[in-house]
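Undergrad: Dropping a structure here in structure tokens format, bear with me for questions.
Laboratory data are not the source of any read-out in this text; all were calculated from the coordinates shown. Values in this document were obtained by computation on a predicted structure and should not be read as measured data. Here the Cβ positions follow ideal geometry from the backbone for every residue, glycine too, while neighbour counts run over all protein chains shown.
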Amino acid sequence: MYEEPYKWVEAVGNRRHYLDEQFKEGSPVVALAYDAGILLLTVSKGTPKLYEIYDRLALGGMGHPADLEKLRFSLLEMAHVEGFNRSPSDVTGSRMVKYGIAPILKQAFEEVFKAPFIVKLLMAELGAKAGKNSLLTINYDGTFEETSHCAVLAATQSVQETMLQFLRGQVPEGSSLDRTVAGALLAWAVGDRAQRRRETGQQDKHEKETTGSEDPAELAGYLRERVSDKTIECALLDRHERGSSKYRMLTVDELGRMLPPDLKAALS
Amino acid sequence: MHSDFYQLLKEQGYQLGVPATAGSGVDIPTATTILAFKYRDGVLIAGDRRATAGNMVMYDRTDKVLEVDRHSVMAIAGVPATAYEMVRVLEHSFKYYRRTQLQELSFEGKLRALSKLLKENVPAALSGTGAVVPIFAGYDAEQETAKIYFYDILGAEFEGVEYAVSGSGSPTIRGIMHYVNTWGDQPLQAMSEEQAAVQALRLLTSAAEFDSATGGVNREANLYPIIKLITAAGVDTMPDVRLKSLFETKVARHV
């Protein structure tokens, strides 16, 4: 039935529609450069969504946990074999995405007789020097974009734009880690709330709030409601970390010390 | 659930060591001196810097005390090419395990990984092209203590309850360590970080005095042994500037 080109295009379109539906209730992921590295943040329930891939590479994901695991293992194998056979400095986020994971996602997406990967990925690479960071977002169809200051994953392109606009307005490049953590957490709240509003058909009413002029108190209240039974995951690629591996998770205590009083009160 | 990096490498055609016929009876050279002992805060592990080929000094700045990860160190005696390769395999194996399984490999698991590499390297070791006799030391998070293990070339592992030595200079200092530990002012395990470092410098200087394959301190070239400290906080390398100061005040006047 897919021999005719237009049938195939229709099938791919249906698949896109199906996949978009799968992310509606996913938890957004935020990646943001700070003065000494890159912060990744999300809010999860049970399964972690932030991972160490290689010495300077971290991964965040949205979607089906089994698909995320499969692609994570592919990335880990690629990165470690390449790092062993050549050198750790040859394992770059750009190579892992462009020649590793993106073709796999594209092929799975277009093979309409097989199940696609229900995932969106964010690969963060810590540059050797400040300002040389790379943030790559990869969509379920294998398309990817590269930036250096901030990147996000969310249910739709429009929600992602809302979050990015908020981040650009709230967290200037080269900010401290404390300010970056607070900004990333609020950006998560902006994204999660926008997703929920879209779900309930309230997006038009609140469209004005997508310009970066969010009320912090309101966002703190929203966080209190949404994060109470979940875990705030915070991972760092920290240039000052000793040894070759630059990845580490922020502990609950560290996170508590970094958040401003209003957010800390909202989450305690 | 794939967590074994070495297996992954082998599936891709990798082979550790040079294929060789076993049992040709060639002497096994281990021209070096490495040592480890427990002190008050953890384990000190140290090694000289000389690399030799027969009676030739090949290099005087070799690093034979290598950090495998944040909590473990392998000091190498034997054929450098194979030893460095083993450290590279272990380094990637431990990282790969941590990143795939989202938890650290246990200390026991790390010991087994090295033992496995040594066993697979036996043919090369016996043919005289790849013998490695390492010391492995690290912090065991489960037992909350730093530990020392030493190996033979066949991969058998032995715990150095108080200390371990390896390499051509080891017979010289093994007796000294026994003497100091048994009849000295205090046992090695009671020594402070500074006392332990002074002891290590004296031991390696003694080894260099009697073993031409062990490099001593060269103050003109600012060349000191490598000394690493393993504690609950991780692995720390003692900086040359501190070694220089300790050597000049506590070691040099005695030689």
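Undergrad: Rounded, prolate or oblate: pick one for region B:29-254, where a ≥ b ≥ c are the square roots of the eigenvalues of its C-alpha gyration tensor, a/c under 1.5 means rounded, and failing that, prolate if a/b is larger than b/c, else oblate.
TA: Numbers: a/c = 1.66, a/b = 1.20, b/c = 1.38.
Verdict is oblate for region B:29-254.
Undergrad: What's the longest piece of chain A with no exposed trypsin sites (Lys or Arg not before Pro), counting a site as exposed if DSSP puts it in a loop and it has at most 11 other beta carbons within 10 Å?
TA: A:133-204
Undergrad: Summing Lys, Arg as +1 and Asp, Glu as -1, what charge do residues with Cβ under 12 Å from the Cβ of B:Val235 carry, B:Val235 excluded?
TA: On the way: positive: A:Arg242, B:Arg70, B:Lys228; negative: B:Glu67, B:Asp69, B:Asp236.
Counting the neighbours of B:Val235, the net charge comes to 0.
Undergrad: Now, a different point. Can you work out the FRET efficiency for the pair B:Leu102 and A:Arg257, with r the C-beta to C-beta distance and R0 = 22 Å, to the nearest 0.05?
TA: Efficiency computed from Cβ-Cβ geometry: 0.35.
Undergrad: Tally Lys and Arg at +1 and Asp and Glu at -1 over the other residues with C-beta under 10 Å from the C-beta of A:Ser44: what net charge comes out?
TA: +2
Undergrad: Right, another one. Suppose we keep just the alpha-carbon trace of the protein assembly as shown; what are its Rg and Dmax in angstrom?
TA: 27.7, 91
Undergrad: A follow-up question, please. Shape call for chain A from the C-alpha gyration tensor, a ≥ b ≥ c root eigenvalues: rounded (a/c under 1.5), prolate (a/b greater than b/c) or oblate?
TA: On the way: a/c = 1.95, a/b = 1.12, b/c = 1.73.
Cα axes put chain A in the oblate bin.
Undergrad: For the residue pair A:Leu267 and A:Ala115, what label-to-label distance in nm results when each label sits 7 Å from Cα along the Cα-to-beta-carbon direction?
TA: 3.4 nm
Undergrad: Which value in deg cm²/dmol, rounded to the nearest 500, describes the helix-derived mean residue ellipticity at 222 nm for chain A, given -39,500 (n - 2.57) per DSSP H run of n ≥ 4 and division by the residue count? It would help to have the intermediate numbers written out before the result.
TA: Numbers: 8 runs with 111 residues, N = 268.
Taken over chain A, the calculation gives -13500 deg cm²/dmol.
Undergrad: What longest region of chain B stays clear of GluC sites (Glu not before Pro) that DSSP places outside H, G, I, E and B and that have at most 13 other Cβ atoms within 10 Å?
TA: Counting only loop sites that pass the neighbour cut-off, the longest clear stretch is B:1-141.
Undergrad: Could you tell me which of rounded, prolate or oblate describes region A:137-268, using a ≥ b ≥ c as the square roots of the eigenvalues of the alpha-carbon gyration tensor, with rounded for a/c under 1.5 and, failing that, prolate when a/b is larger than b/c and oblate otherwise?
TA: Numbers: a/c = 1.79, a/b = 1.22, b/c = 1.46.
Since a/c reaches 1.5 but b/c is at least a/b, the shape of region A:137-268 is classed as oblate.
Undergrad: Considering only region B:51-210, what is the antiparallel percent among its DSSP beta bridges, to the nearest 5?
TA: Numbers: 21 of 21 bridges.
The antiparallel fraction comes to roughly 100 percent.
Undergrad: Something else: Run the numbers for B:Tyr14 and B:Glu144: contour at 0.36 nm per residue of separation, minus the present Cα-Cα distance, in nm.
TA: 43.2 nm
Undergrad: Where is the GNM fluctuation largest for chain B (alpha-carbon springs, 10 angstrom cutoff): B:Met238, B:Met56, B:Met86?
TA: So, out of B:Met238, B:Met56, B:Met86, the one fluctuating most is B:Met56.
Undergrad: Go ahead and set up a Gaussian network model of chain B, Cα springs under 10 Å, then flag whichever of B:Phe150, B:Phe158, B:Phe37 fluctuates most.
TA: Result for chain B, Cα springs under 10 Å: B:Phe158 fluctuates most.
Undergrad: Round to the nearest 10 and give me the degree value, 0 to 90, for the angle of helix B:170-183's Cα axis relative to the longest principal axis of chain B.
TA: 60 degrees
Undergrad: At 0.36 nm per residue, minus the direct Cα-Cα distance, what do A:Ala217 and A:Thr231 gain on full extension? Give it in nm, one decimal, please. Write down the numbers at each step before the final one.
TA: Values: separation 14, 0.36 × 14 = 5.04 nm, distance 2.07 nm.
Separation in residues times 0.36 nm, less the Cα-Cα distance, equals 3.0 nm.
Undergrad: Ok, one more. Need the list of aspartates and glutamates near B:Lys119 for cross-linking: C-alpha distance under 14 angstrom, and skip anything on the same chain fewer than eight residues off.
TA: B:Asp152, B:Glu157
Undergrad: So how far apart, in nm, are the two label points at A:Tyr99 and A:Met249 if each is 7 Å from Cα heading toward Cβ?
TA: A separation of 3.3 nm, rounded to one decimal place.
Undergrad: May I ask for the net charge around A:Ser148, where only other residues with Cβ less than 15 Å from the Cβ of A:Ser148 are counted and Lys, Arg are +1 while Asp, Glu are -1? Present the calculation step by step, with values, prior to reporting the outcome.
TA: Values: positive: A:Arg56, A:Lys129, A:Lys132, A:Arg168, A:Arg239; negative: A:Asp35, A:Glu125, A:Glu145, A:Glu146, A:Glu173.
Neighbour charge sum, excluding A:Ser148 itself: 0.
Undergrad: Calculated from DSSP H runs of 4 or more alone, at -39500 (n - 2.57) each and per residue, what is the 222 nm mean residue ellipticity of chain B, nearest 500? Working shown, then result.
TA: On the way: 7 runs with 87 residues, N = 255.
Mean residue ellipticity at 222 nm (helix-derived): -10500 deg cm²/dmol.
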